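All remarks here apply to the structure that follows.
Nothing in this text is a laboratory measurement; each read-out follows from the coordinates by a stated rule. Please read all numbers here as calculations on a predicted model, not as lab measurements. Note that each Cβ is placed from the backbone with ideal geometry, even for glycine, and that neighbours are counted across all protein chains shown.
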Amino acid sequence: MEGEKFVRDLEDGERVTITLAVVKKYGLRQYRSKFGKYFVLEAGDRTGRVLVKYWGTDEDFTERLYNEIREGDVIRVSGEYTSRGGGTIEVDGDRGELVKVYDYDTSRFLQHYDGIEDAMHEIFRYVEMVENEYLSRLLDIFFSSDSFVEEFRSAPAATFGPYASIGGLAAHTLNVTRACESLARIYGLDEDFMITAALLHDVGRIESYEVDTGIRPNNRGKLLGHTVLSYNMVEERIREIVDFPADLRDRLLHAIISHHSPIVDNVPQRIRTREAYILFYADMLDLSLKEFEMEGDEEWAYSRKMGREIYLG
């Protein structure tokens with residue numbers, strides 16, 4: 001794989017041979033107008049993802065190949081790349097190749113956030129800034145735990161995109177905390193509360209993913225979602241603090257459980273406080289603006305998150 005291109009280096013119309021990690025399998029399908037089967041995979045490396053469409057010519061072989069491949073497997077693909085729709089490699093069963101690979105370097109597939117040390121230093125500074133005795137104690141329970149800090153600093157914050165990296169959770173959390181601190185000051189809200197809500201709003205992500213050749217939701221992430229997992233983790237720690245004020249507890253947990261509610265239908269609760277609105281917009285602002293930091297030489301790029309081309313120039 002030495003000298004091999006990455007996804008971000010692929011050029012429209014070229015024939016490529018590239019090593020990718022399988023992120024998602026789509027169904028095996030029958031051709032409509034002729035005999036045979038085909039299937040589609042989503043796969044990628046640390047620089048991006050593409051769809052891999054395998055057009056089988058031998059139905060039995062195609063079915064065996066499809067059944068052999070699992071999410072998380074590494075494959076070598078030879079086919080023609082097209083950039084439309086976010087990027088696709090078309091593999092002809094006669095002329096191309098799609099095989100499993102067993103000898104690979106995981107660093108090809110996992111991005112690491114380079115600024116993790118500085119980010120964690122600033123996060124600890126925010127923890128120390130909080131003066132409210134109950135919120136300070138709550139943050140201390142989390143960030144004085146070596147095991148939590150190790151999980152937090154190595155966790156991703158997404159399965160794809162700018163924060164799909166080792167350390168992505170810390171990077172995202174820091175940006176949201178900065179935004180919440182500023183917005184709290186502008187609108188005259190409790191800065192201690194907003195800093196605490198921002199620092200803890202996504203802690204459930206440390207229990208939400210499987211990380212090997214890629215980043216995928218685990219069963220807890222799929223069944224409960226990171227907002228519920230975050231709520232549960234924070235509520236459990238609050239119960240350890242004697243006389244934690246009930247109103248403060250409820251407002252903090254509300255901000256956490258509802259911080260995706262304007263964009264997701266199946267959430268336990270809708271936003272009902274100013275603080276929760278600020279947390280939501282700070283979170284979405286960071287996730288959305290990061291889309292404009294995609295690498296490449298083109299002025300325009302396709303954002304899977306937004307479902308459209310965006311201007312990078």
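Taking every alpha-carbon pair under 8 Å whose residues sit at least 6 apart, the chain reaches a relative contact order of 13 percent. Cross-link pairs exceeding 23 Å in C-alpha to C-alpha distance, out of Lys25/Lys290; Lys53/Lys305; Lys5/Lys34; Lys53/Lys100, comprise Lys25/Lys290; Lys5/Lys34.
So what's the stretch 213-313 giving for Rg/Rh, alpha carbon basis, Kirkwood Rh from the mean inverse pair distance? Numbers along the way, then the final one.
Numbers: Rg = 17.4 Å, Rh = 16.0 Å.
Radius of gyration relative to Kirkwood radius: 1.08.
The modelled label-to-label distance between Tyr281 and Ser83, using points 7 Å beyond Cα along the C-beta direction, is 3.6 nm. The residue list Ala179, Ala164, Val77 was ranked by how far each Cα lies along the charge dipole of the chain toward its positive end, using unit charges on Cβ atoms, and Val77 comes out on top. Panel order for Leu252, Leu285, Leu10, by other beta carbons found within 10 Å of each beta carbon, from fewest to most: Leu285, Leu10, Leu252. Using a Gaussian network model of the chain in which every pair of alpha carbons under 10 angstrom is joined by a spring, one finds that among Ser230, Ser208, Ser83 the greatest mean-square fluctuation is at Ser83. In this calculation the C-beta distance from Glu309 to Arg15 is compared with R0 = 25 Å, giving a FRET efficiency of 0.50.
Looking at the stretch 7-108 from every direction and averaging, what is the projected area of its Cα convex hull in nm²? All intermediate terms of the calculation are to be shown ahead of the outcome.
Working: hull surface 25.3 nm².
The number I arrive at for the stretch 7-108 is 6.3 nm².
Whole number please: convex hull volume per residue, Cα atoms of the chain, in Å³.
Details: hull volume 47.9 nm³, N = 313.
Enclosed volume per residue, from the Cα hull, is 153 Å³.
Per residue of the chain, the DSSP helices (runs of n ≥ 4 H) give a summed -39500 (n - 2.57) that works out to -12000 deg cm²/dmol at 222 nm. With each label modelled as a point 7 angstrom along the Cα→C-beta vector, the Asp94-Asp250 pair spans 7.1 nm.
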